[in-house]
Amino acid sequence: MRTGPSVAAPFPSPKSPLADVLDRIVVGDCVEGLRALPDACIDLVFADPPYNLQLEGLLTRPDASIVDAVDDDWDKFASFAEYDAFTQAWLTECRRVLKPNGTLFVIGSYHNIFRVGSALQDLGFWLLNDIIWRKANPMPNFRGRRFTNAHETMIWASRDAKAKGYTFNYEALKAGNEDCQVRSDWHMPLCTGGERLKDADGAKAHPTQKPEALLAKIIMAASNPGDVILDPFFGTGTTGAVARKLGRRFIGLERDLTYVAHAERRIAAAEPVDPALLMAPATKREEPRIAFSAIVEGDMLRAGTALSDAKRRHEAIVRPDGTIMANGIVGSIHKIGALVQGLPACNGWTFWHHDAAGRLEPIDTLRAAYRSAMAKAA
């Protein structure tokens, strides 16, 4: 059983063993901390870098009250050039420490995300998606001179254009989304209420604390249990807390000791989910291959049964050898499905339907039932 992390001193030497920093918060500059990590040791990076808001004064509401904006020193840079150099430095190291099949998520506002995106491409990352976090409860634009800034943008990137086999838990995401492919706009609220960490005076412990739901979606989408997740701007530990709950390992880099203290308490209190609940469903490619002939031989469909498409426009007859016949032509469920539609290819499992007590069902349901019976027999 893993316990909560303890504060690690800044790395004493480059390329420290990974085991020394797993499930730890490394205190110090993020670029120096990254440089001390071994090559190709990280499965997933989540980065929430400074926004570089460049505020020139206090933000006030129409009633003259002050808006609690991001005005911390860590968000201040002398120029765009200085910010770009910083961005290039930490992204360069993130790319080095990523495994060949690792990926990176970086989140930002309109102030910085486009500069970060340009740097990603310049360094050789390959952009997979941009994702919009649409905030259910955004802060209004009090002066009424602009649209309410109601979203942040995330960029998801692989280490390079040739990266293969990166983790994307497509089937699990789809199943949890009522069997619809998950879109690239995510609607969820800001971090509020009991989740928002406060200091002794009741003020926000961190101005840009992200909701755990956002990190959970990222981590479940693009990593597997046991993977190592790196957050170079760890803050108050959202990434670490969610990683611990979801059975992942983490490394956090943070230079602010106040944030570190909040993060340690938070992660120590995080309750891991039962590992059995984290098992990913088998992907279509991982499932055992079933021939249509097995469905016929198993008497799930008898020879002579009529198949049709969902709208009953085309019909075929099942033959004893597992082929089907339409318009006097014999072939596989895929070949005949393509032929009757005049298409080059067809997934016969989803195209052809059978009559199940007066209701048309795709023959793919029979394949699923056959697989289930095989699993029980094993």
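If a residue must be assigned to a loop (DSSP other than H, G, I, E, B), in contact with a strand residue (DSSP E or B) (Cβ under 7 Å, 6 or more places away or on another chain) and at pLDDT 95 or above, how many such residues does the range 114-141 contain?
1
Among the residues of the range 168-191, count how many are without any contact (Cβ under 8 Å) to a residue 40 or more places away in the chain and under 27 Å from Ser118 (Cβ atoms).
Number satisfying all stated conditions: 2.
Exactly one of these conditions fails for Gly194: (1) more than 13 Å from the chain's Cα centre (by Cα); (2) in a helix (DSSP H, G or I); (3) touching a residue at least 40 places away in the same chain (Cβ under 8 Å). Give me its number.
Going through the list (1) more than 13 Å from the chain's Cα centre (by Cα); (2) in a helix (DSSP H, G or I); (3) touching a residue at least 40 places away in the same chain (Cβ under 8 Å), Gly194 breaks only (3).
Can Tyr110 be described as surrounded by fewer than 18 Cβ atoms within 10 Å (Cβ to Cβ) and either in contact with a helix residue (DSSP H, G or I) (Cβ under 9 Å, 6 or more places away or on another chain) or outside any helix (DSSP H, G or I) (or both)?
In short, yes.
Restrict the check to the range 346-354 and report whether at least one residue is open to solvent by less than 70 Å² (accessible area, probe 1.4 Å) and part of a loop (DSSP other than H, G, I, E, B).
yes
How about the range 197-221: which of its residues are in contact (Cβ under 8 Å) with a residue 12 or more places away in the chain and outside any loop (DSSP other than H, G, I, E, B)?
Lys204, Glu212, Ala213, Leu214, Leu215, Ala216, Lys217, Ile218, Ile219, Met220, Ala221
Taking into account only those residues within the range 273-312 that are open to solvent by less than 60 Å² (accessible area, probe 1.4 Å) and within 30 Å of Gly247 (Cβ to Cβ), which is modelled with the highest pLDDT?
Step by step, filter the range 273-312, then rank; the result is Val273.
Taking the criterion of being part of a loop (DSSP other than H, G, I, E, B), modelled with pLDDT under 85, of a type outside the set (Gly, Ala, Ser) and in contact with a Leu (Cβ under 9 Å, 6 or more places away or on another chain), would at least one residue in the range 45-67 satisfy it?
yes
Just to be sure, is Ala338 open to solvent by less than 30 Å² (accessible area, probe 1.4 Å) and in a strand (DSSP E or B)?
For Ala338, the condition - open to solvent by less than 30 Å² (accessible area, probe 1.4 Å) and in a strand (DSSP E or B) - is not met.
Out of the residues in the range 307-332 meeting the condition of being in contact with a helix residue (DSSP H, G or I) (Cβ under 9 Å, 6 or more places away or on another chain) and of a type in the set (D, E, K, R), tell me which one is nearest to Gly348 (Cα to Cα).
Selected residue: Asp309.
Just to be sure before I move on: is Ala316 on the phi < 0 side of the Ramachandran plot, surrounded by 10 or more Cβ atoms within 10 Å (Cβ to Cβ) and at pLDDT 95 or above in the structure I sent?
Yes; evaluated as a whole, the condition is true for this residue.
For the range 186-202, check the following and say yes or no: at least one residue is of a type in the set (Lys, Arg) and farther than 29 Å from Glu171 by Cα.
yes
Scan the range 241-271 for residues that are in contact with a Leu (Cβ under 9 Å, 6 or more places away or on another chain), over 16 Å from Ala213 (Cα atoms), open to solvent by 10 Å² or more (accessible area, probe 1.4 Å) and not basic (Lys, Arg) and jot them down.
The one that is in contact with a Leu (Cβ under 9 Å, 6 or more places away or on another chain), over 16 Å from Ala213 (Cα atoms), open to solvent by 10 Å² or more (accessible area, probe 1.4 Å) and not basic (Lys, Arg): His262.
In the range 126-167, which residues are surrounded by 15 or more Cβ atoms within 10 Å (Cβ to Cβ), over 18 Å from Ile218 (Cα atoms) and without any contact (Cβ under 8 Å) to a residue 40 or more places away in the chain?
Of everything in the range 126-167, just one residue is surrounded by 15 or more Cβ atoms within 10 Å (Cβ to Cβ), over 18 Å from Ile218 (Cα atoms) and without any contact (Cβ under 8 Å) to a residue 40 or more places away in the chain, namely Ala150.
Does Leu37 satisfy being at pLDDT 65 or above, loosely packed, with under 15 Cβ neighbours inside 10 Å and outside any helix (DSSP H, G or I)?
No, not satisfied.
The values are calculated or read from the model by the stated rules, or taken from the named source; none is laboratory data. This one's a predicted model, so the numbers in the text were calculated from it and none came from an experiment. Cβ coordinates were reconstructed from backbone atoms using ideal geometry, including for glycine residues, and neighbour counts include every protein chain displayed. Note: areas computed on protein heavy atoms with side chains; ligands, DNA, RNA excluded. Shrake-Rupley method; radii C 1.70, N 1.55, O 1.52, S 1.80 Å.
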